[in-house]
Amino acid sequence: MRKIIIAGNWKLNKTSREAMSLVEELKREVLDIDGIDIVVCPPFTALDDVSEVVLDTNIALGAQNLYWQDSGAMTGEVSAPMLKDLGVQYVIIGHSERRQFFGDTNETVNKRIRAALTHALTPIVCIGENLPEREANKTFDVIRHQCEGSLANLTADEMKKIVLAYEPVWAIGTGKTATPQQAQEVHAFIRQLLGKLFNADVAQSVRIQYGGSVTPENIAALIAKPDIDGALVGGASLKAPSFAAIVKSAKK
Ligand code: PGA
C-alpha cells in the first residue's frame, strides 16, 4: 500500500509571519489526521520559522527548489545542506514554473535530484505536458522524455525514495483540473514506464501525486483512482481550511 501524500506548494506567497500563522491554523485543523503524509512547502525565507511551528507535529516541511552544489560561488542559490539544517525533509524539483521561467531542464532536474538524495531529502519531481502538447496527442511522449531525462542513471533504490508529481501545465492555476480519468490514464502510463525504466517493485511503490487546480471539491474523485497517490496543491494550500479539507477528504 502506498501512503497518500498531500503537499502544499506555496510558491511566491507568504512572509514569515503570514506563513507561521497559516501553519499554526493548519496544525490545529489536521491534528487528528494520521496515516497520511502532510507536507507544506513555504518560500525559503519562511522555512526556519515554519520549521519551529511544525516541530513534533504530523506536518512535514518541504522546500520549493535547491541547487545541486553544496556550496560555492553561486549567488542567490540555496543548497541541500542548508535546507537539511532547517529541518527540511522534502524538496519540490522541476516544477513547471521552474522549467518555464527559470531554465530548468531534465538535466538540471536530474542534478538537483542527486543532490537531494545525497542529503537524504525526499525529492518531489514534477512532470507534465502543456496544452499544445496535449492537443497534439503528445502527452505520453512528453512524459516519457521527461521521465527518461529527469530520472536518468538513478538506481531502483534511489527511485523508490522519490515522489513524482504529474502536473499537466494547462491545469496549473487555471481552475481547469484534469478529469480523474485523464489523470489516471497518465498516472498508469507513468507507473508502467517506471516498470520498464526500473522494475516492477519500483513501479508499485513509487507514489505519484496529481497537481493542477486541486480543491476540496475535486480531490475525492482524483484520489479514488488506483494510481493517484496524493496531490501537489498550489492555490488551495494558501488557506488552512481548504488545505485541511483536501487532506481530510484524501484520507477517506
Ligand atoms: P494549483 O498549483 O493547485 O494552484 O493549480 C499546483 C502546482 O503548481 O503545484
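Observations, loosely collected:
- When residues of the stretch 127-143 are limited to those that are farther than 16 Å from Phe189 by Cβ and hydrophobic (A, V, I, L, M, F, W, C), the one surrounded by the most Cβ atoms within 10 Å (Cβ to Cβ): Leu131
- Subset of the stretch 53-87 that is within 16 Å of the ligand (Cβ to nearest atom) and of a type in the set (S, T, N, Q) - its residue that is nearest to Glu25 (Cα to Cα): Gln64
- Close contacts from the stretch 199-214, counting a first residue that is among the polar types (S, T, N, Q) and a second that is assigned to a helix (DSSP H, G or I), with Cβ to Cβ under 6 Å and a gap of 6+ residues or different chains, come to Asn199/Ala156; Ser213/Ala171.
- The residue that is most open to solvent (accessible area, probe 1.4 Å), counting only those in the stretch 20-68 that are closer than 18 Å to Gly234 by Cα and of a type in the set (Gly, Ala, Ser), is Ser21.
- Ser213 being farther than 26 Å from Asp157 by Cα, in contact with a helix residue (DSSP H, G or I) (Cβ under 6 Å, 6 or more places away or on another chain), among the polar types (S, T, N, Q) and in a helix (DSSP H, G or I): no
- Verdict on Ala220 being in contact with a Phe, Trp or Tyr (Cβ under 8 Å, 6 or more places away or on another chain) and either crowded, with 20+ Cβ neighbours inside 10 Å or not aromatic (Phe, Trp, Tyr) (or both): no
- Once the stretch 1-19 is narrowed to residues that are surrounded by 18 or more Cβ atoms within 10 Å (Cβ to Cβ) and within 22 Å of Gln209 (Cα to Cα), the residue that is farthest from the ligand (Cβ to nearest atom) is Ile4.
- Residues satisfying the stated conditions in the stretch 191-215, i.e. open to solvent by less than 50 Å² (accessible area, probe 1.4 Å) and more than 20 Å from Pro42 (Cα to Cα): Arg191, Leu193, Leu194, Gly195, Phe198, Val202, Ala203, Ser205, Val206, Arg207, Ile208
- Only one of Met74, Met1, Met20 that is in a loop (DSSP other than H, G, I, E, B) and either more than 20 Å from the chain's Cα centre (by Cα) or of a type in the set (Gly, Ala, Ser) (or both): Met74
- Residues that are within 16 Å of the ligand (Cβ to nearest atom), of a type in the set (Asp, Glu) and more than 16 Å from the chain's Cα centre (by Cα), drawn from the stretch 198-232: Glu217
- Helices (runs of 4 or more DSSP H) fully within the stretch 96-189 counting 3 or more residues that are more than 17 Å from the chain's Cα centre (by Cα) and not charged (D, E, K, R): 139-150
- If the condition is being more than 16 Å from the ligand (Cβ to nearest atom) and open to solvent by 40 Å² or more (accessible area, probe 1.4 Å), then the stretch 88-126 contributes Gln89, Gly103, Thr105, Glu107, Lys111, Arg114, Thr118, His119, Ala120.
- Just one of the numbered conditions (1) away from the ligand (no atom under 16 Å from the Cβ); (2) within 26 Å of Trp10 (Cα to Cα) is not true of Gly195: (2).
- Qualifying residue in the stretch 152-161 (condition: within 16 Å of the ligand (Cβ to nearest atom) and open to solvent by less than 50 Å² (accessible area, probe 1.4 Å)): no
- Subset of the stretch 165-190 [open to solvent by less than 10 Å² (accessible area, probe 1.4 Å) and away from the ligand (no atom under 16 Å from the Cβ)]: Ile190
The values are calculated or read from the model by the stated rules, or taken from the named source; none is laboratory data. Not measured: the values here are computed from a predicted model. Don't worry about glycine lacking a Cβ; one is built from the backbone with ideal geometry, like all the others, and counts go over all protein chains shown. The protein model used for the area step is the full one, side chains on, heavy atoms only, and it has no ligands, DNA or RNA in it. Shrake-Rupley method; radii C 1.70, N 1.55, O 1.52, S 1.80 Å.
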